[in-house]
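Peer 1: Before we start, here is the structure in question, set down as structure tokens.
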Amino acid sequence: MLLLTQETMSSTTSFNNQIKQVMILFLLLLLIFLSIKELYIFFPGLLGALTFYILSRSTYFQLIYHRKWKKGWTAGLYLLVYFLLLALLVYFIVILLEKQVRPFFNDPAAALGSAKQAINEAQQKAGFTFISDETLSNLQQKLSEFVPMLVNSTSNLVINLALLLFVLYYMLVHGKEMESYLGRVIPLKQTNIDLLASETKRIVKASALGIPIISIIQGLTATAGYIIFEVNEYVLWGFLTGVFAFFPVVGTMIIWVPLVIYMYASGNTWNATGLLLFSVIVTGNVDYLARITLLKKLGNVHPMVTVLGVIVGLGLFGFIGLIFGPLLVNYIILLFRIYTNEFIDHKTPG
């Protein structure tokens, strides 16, 4: 009788502990969900800090633990370097686009009217309509709403950049402690924790370094084509081609297809044909070759993972999704492997 009573009490205690565990996990997930919901607009800054941390940790730890540099000063030096690089990038973009964008900001209606007139003239020369009046009117309305949206986006960008540098500083200073804590709290076998960490570093490095390098290569290649076939403002169009090269499959076509159509409509047939062939054969294949060689060499990332990841990541995280989109898709594959290692028993034959 006493034995049955002890078993009953033990069973009740175990059940109560399970209830407590479920309630605590539920509250934890609820708080995480609410936090993510409220911090969603700051995700680019947080994910950017994680990206720079993964790219910096190896050299940073080398300086800290082998050369005995001070943590705070070294982290500040990294932040200064990243800040200067970002500032130079913004300065280059402003200098490059100022001449073309200034008329729009000074008098948006006049700039849009001139653009509409130029498109109509090009369509009359070409003998067919590739942009209807209704589409032009809708485009004009959307562009008129672009300025306040740009101001709002700029303020969000500045806040996210400040958050990126702030979070990155503390991630670098407390990097070892942070990684050790995560290793203790993640409920997986040590081999799977190591696998998760190595895959994260591999994909982030491949995306953060590989995709910008590919875009620069494609932008320079396109600029060479614009110079050869006498496109006006070839530096600007080459830069925009490089920017849109971030988007796989049809990214660069957003730039060179309208240019080719405009050149045909303007009667510049030979250069238009040459630019068309150059863009299809050279610019397009440079993108393909770079993706299957450079990205594969940096992190052995399958091209399909890159393409699907970029599409998914842009929708979820915005521009930073170019890096974390492929990571998300790769995590799906990785979690299948981890699930197999954790919960499926492999029976040995015989």
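Peer 1: Tell me, yes or no, whether the stretch 68-91 has at least one residue that is modelled with pLDDT under 80 and surrounded by 11 or more Cβ atoms within 10 Å (Cβ to Cβ).
Peer 2: Within the stretch 68-91, one or more residues are modelled with pLDDT under 80 and surrounded by 11 or more Cβ atoms within 10 Å (Cβ to Cβ).
Peer 1: Would you confirm, using the coordinates I've provided, whether ALA265 is under 23 Å from PRO44 (Cβ atoms) and either of a type in the set (D, E, K, R) or crowded, with 18+ Cβ neighbours inside 10 Å (or both)?
Peer 2: When the stated conditions are applied, ALA265 does not pass them.
Peer 1: Now for a separate question. Kindly indicate whether ILE211 is in contact with a Leu (Cβ under 6 Å, 6 or more places away or on another chain) and not hydroxyl-bearing (Ser, Thr, Tyr).
Peer 2: Criteria met by ILE211.
Peer 1: Let me ask something else about it. Condition first: β-branched (Val, Ile, Thr) and in a helix (DSSP H, G or I). Now tell me which residues in the stretch 151-208 satisfy that.
Peer 2: Passing the criteria: VAL151, THR154, VAL158, ILE159, VAL167, VAL173, VAL185, THR191, ILE193, THR200, ILE203, VAL204.
A quick yes/no check of all residues on (1) in contact (Cβ under 8 Å) with a residue 12 or more places away in the chain; (2) more than 23 Å from GLU179 (Cβ to Cβ); (3) in contact with a Phe, Trp or Tyr (Cβ under 7 Å, 6 or more places away or on another chain); (4) not in a helix (DSSP H, G or I):
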{"position": "PHE33", "(1), (2), (3), (4)": "no, yes, no, no"}
{"position": "GLY48", "(1), (2), (3), (4)": "yes, no, no, no"}
{"position": "ARG57", "(1), (2), (3), (4)": "yes, no, no, no"}
{"position": "ALA75", "(1), (2), (3), (4)": "yes, no, yes, no"}
{"position": "TYR78", "(1), (2), (3), (4)": "yes, no, yes, no"}
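Peer 1: Please list, ordered by first then second residue, the pairs with beta carbon atoms under 6 Å, 6 or more apart or interchain, first in the stretch 193-216 and on the phi < 0 side of the Ramachandran plot, second of a type in the set (Ser, Thr, Tyr).
Peer 2: Correct list of pairs: VAL204/THR51; ALA208/THR51.
Peer 1: A further question follows. Of the residues in the stretch 171-192, how many are surrounded by fewer than 10 Cβ atoms within 10 Å (Cβ to Cβ) and in contact (Cβ under 8 Å) with a residue 40 or more places away in the chain?
Peer 2: Within the stretch 171-192, residues that are surrounded by fewer than 10 Cβ atoms within 10 Å (Cβ to Cβ) and in contact (Cβ under 8 Å) with a residue 40 or more places away in the chain number 0.
Peer 1: Follow-up. Could you tell me which of the residues PHE324, PHE336, PHE246 is modelled with pLDDT under 75, aromatic (Phe, Trp, Tyr) and under 24 Å from SER198 (Cα atoms)?
Peer 2: PHE324
Peer 1: All but one of (1) closer than 24 Å to GLY72 by Cβ; (2) not assigned by TED's automatic domain parsing to the domain that holds LYS70 hold for SER207; which doesn't?
Peer 2: (1)
The values are calculated or read from the model by the stated rules, or taken from the named source; none is laboratory data. Values in this document were obtained by computation on a predicted structure and should not be read as measured data. Counting neighbours? That spans all protein chains shown, and the Cβs are built from the backbone with ideal geometry, glycine included.
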